[in-house]
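Laboratory data are not the source of any read-out in this text; all were calculated from the coordinates shown. Computed from a predicted structure; not experimentally measured. Cβ atoms come from the backbone with ideal geometry, glycine included; neighbour counts cover every protein chain shown.
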Amino acid sequence: MLVSEPQQPQAGEEILSAIQVARELRCSKAHVYKVIQGKVEGVSCLPAISMGRRKLVRRTALETWKQVNEQQAANRCAGSVAGCSNAF
């Protein structure tokens, strides 16, 4: 069986490992796995591709997930009487 050379991913089609996602989010790999499994309160699940125990995340899915969660956090803060202490 011949295996062809891997093609370079097109823009946005990059596939990231849990470690790469953790580096980008500045958190642990274990935390990334918890987010993928939906075990982090107040944060939506991060869509991932399963390859056995390994989890892979598309770049586009990560970027969309970050935007959605940022918007949800902003909405929670806006609805709160005390507001958020997250100053950008």
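Under the convention that each Lys and Arg Cβ holds +1 and each Asp and Glu Cβ holds -1, the size of the dipole of the range 15-79 around its Cα centre is about 320 debye.
Along the axis of the charge dipole computed for the range 15-79 (Cβ charges of +1 for Lys and Arg, -1 for Asp and Glu, origin at the Cα centre), the listed residues L46, N75, Y33 are led at the positive end by Y33.
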